[in-house]
1. Given a cut-off of under 8 Å on Cα pairs at least six residues apart, what relative contact order in percent is computed for segment 497-560?
2. Normalised by the residues of the chain, what does the relative contact order come to in percent, with Cα pairs under 8 Å and at least six apart?
3. In segment 388-518, what % of DSSP beta bridges are antiparallel (nearest 5)?
4. Could I have the simple spin-label model distance between ASP108 and SER702, label points 7 Å from Cα toward Cβ, reported in nm to one decimal?
5. Would you please give the residues with an amide H less than 5 Å from that of ALA688, counting only those at least 5 places away or on a separate chain, with H modeled from the backbone geometry?
6. Taking Cα pairs under 8 Å and at least six residues apart, what relative contact order does segment 263-391 come out at, in percent?
7. Given bins 5 angstrom wide, list per bin the percent of all Cα-Cα distances in segment 540-664, short to long.
8. Skipping prolines and chain starts, which residues have an amide H placed within reach, meaning under 5 Å, of the one on GLY534, given they are 5 or more residues away or on another chain?
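All of the numbers you see were taken from the coordinates with simple rules; none came from a lab. A quick note: this is a predicted structure, and the numbers were derived from the prediction, not measured. Quick reminder, even Gly has a Cβ in these numbers, built from the backbone with ideal geometry, and neighbours come from all protein chains shown.
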Amino acid sequence: MGIIVNEKCRTITLHTKNTSYQMKIGNLDYLFHLYYGPTIYDADMSYQIKQYDRGFSGNPYESRNARTFSLDAQPQEFTTQQQGDFRTTSIEVINSDGSYSFNGKAVDYRVTKGKYRLDTMPTVFASKEDHVESLEVTLADAVSGVQVILMYAVFEEADIITRAVKVKNAGEERIHLNKLMSVCVDFLNGSGMDLISLPGRYGQERQVERQPMTHHIHTIGSVRGSSSHQQNPFAILCDREATEDYGKCYGFSLMYSGNFLAEAELDQYDQLRFVMGINPKQFVYEVGPGEVFEGPEVVMAFTTKGLTGLSHLYHDFYRSNLCQSKFVREVQRPVLINSWEAAFMDFDDVKLVNIAKAARNMGVDLLVMDDGWFGKRDDDNSSLGDWFVNEDKIKCGLHNLVEQINDLGMKFGIWFEPEMVSEDSRLYRTHPEWTMQIPGRHAVRSRNQMALDMSRREVQDYLIERVNAILDDANIYYMKWDINRSLADIWSNAQPADRQGEVYHRYVLGLYRVMDGIIKTHPDILFEGCSGGGGRYDPAMLSYYPQYWVSDNNHPIDRLKLHYGTSFVYPVSTMGAHISDSGRFIPLRTKAVVAMGGTFGYELDATHLSEEEQAICREQSDLFRKYYHIIFEGDYYRLSNPFTVGNMTAWQHVLKDKSESLLSVVVTNLTCNGPQEYVKAKGLDPMAMYTINDEEELYSGSALMNAGIPIEREVPEYTAFQFHIKKSEQNTEGV
Ligand code: GLA
């Protein structure tokens, strides 16, 4: 059905397969939000809105003496400013006369086939098979000439609506934007809703928190210059009763890698306003006459099928419409071994070749040379920015090293941290002005490194040239793109004093340009993102990298939580997960089962493993390949919550046609003489018969889902189980 405009009622309704979203050009041409939820066909939802004379409310001047119309009580698509709505706003603009007013009235709209585009930032894309329509609604302030263009794209089959916003200065004088939120959704009654977010920290990213809405502004955000370890640009608003399996859930996922803000405000009338976009902190953006400023895209999803249903919408959509890399679907990801926890920066070419030789016996396809190969980098105090091979370490040269690895039948990958610079580097000595640093002040160091001023064209060009030169010098199959500090000392040499409020955002735009120049020009390279682990794990980054390092924390038990939290929005196919030495008393097989909850690889010195351990690893690498299609293409189910007390954590992948499933369980706690525990499967065909791990016995899907699988009790601590559940030719008829 796509986008339906009802000119008589002045409603515009966006329909996906199972959801509807409605707005209306209403009183005095303000754009009202009327509905987001299950399909409403062609109903006009304006009957819900009642207007009263509310004490102290502001009434637009054109309402004359009518006191019942106030924007403070009205659900809106995009808020005005200084027009009597005192809730949190979509926009804060300073006009040329110094006033802060924006009185946006709908002046135009148009519906087009296909997906709208943004010129400066990544967005999701529509493929040929997607039925996508876009809507643009223009709100204009008649006095200042400021126009806001609201953009919507409706992905009908995927049940996804995206939104973005542009501000056009159609006036004669420059204006300053202090705040621009990409999305505003006003819910008529939010008192029974919960907010779920993914807060965390270094080593413990994307833990899950759920809080009831109270009469406050609940904020999630980052001011660290990147989307951060501490918060993720994702939020769920759901019914208080919503569980994994049932209940209304709304998701908001922001395609932006810099400072962001989401605010959920339960107002005096129990209405809930949700806004999300670039964080206004230290953001002042000048928009000259005729210029346009774009805000990033928000990907919205709604379902009545609970948190799992919401995750499935995002997983499916992000697996098909986010990243164009051939490694998303066409080419299977390699099993990799990374040198970091094996050698840190203490390696040379011989050591790497030896690790590769041992790793080959473990079924590994790709050796990744992590930090330490460039400049004079022997520890983390120097050389960032000097992207030249250190031939004291790689004595044979990069080209030759890669050849040696290739001769072993393996592929080669390399690590970069393009955005950073060490003071002890040739680059810093030559171009101190390329660093983010405030004149006359000492810069904040973090890991003893500083950030390059990514807003500068020369810096961008240098990085594109340097990184590409290395990537093109040898047969490189994989690149890990890291960033290991938050930004401070926001100041650019290239901007005048009165435009320093643009630098945070210009950094992000510069970064995207560099990524375009490196990643898009190397379609055959597999890119993995990283930020001191999983610190910039956001959909904009995932539009470039098909996979992202979840965390520097490789402890398998912590990983259960990390994977659980990350899975609320991001598919398993994006989650970089390795077996490492972390968790010494945890069996290798258990580590492998956990790493198969992601892209699977190793992060240890393979030469230190015994033959028996190498054989276990080989067996696990083979299992990963065997189950790859289920892990990467299947629906993902969180079967238990590792944050609540329990004796085991379980999760499951199920192929869309329900023919195969992989159910994994890790026993995290052994209770003495405790009860028999069962794990109930999800997503199977209740009427079909299934085998488990190719054994003869048959189980009905209904039994496995309703009674569950008994989990062996008499096992060593931290034992893991993997149940490969496969549909048998037999069915339940006659059983
Ligand atoms: C970060 C990454 C690690 C590793 C180091 C190298 O911490 O998360 O995986 O690459 O940097 O310095």
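1. 25 percent
2. Across the chain, relative contact order equals 10 percent.
3. The antiparallel fraction comes to roughly 50 percent.
4. About 6.0 nm separates the two model spin labels.
5. HN-HN under 5 Å from ALA688: GLY701, SER702.
6. The value is 15 percent.
7. Spelled out per bin, shortest first, that is 2, 11, 21, 23, 21, 14, 7, 2, 0.
8. When sequence neighbours closer than 5 places are left aside, the close amide H contacts are GLY203, SER551, ASP552.
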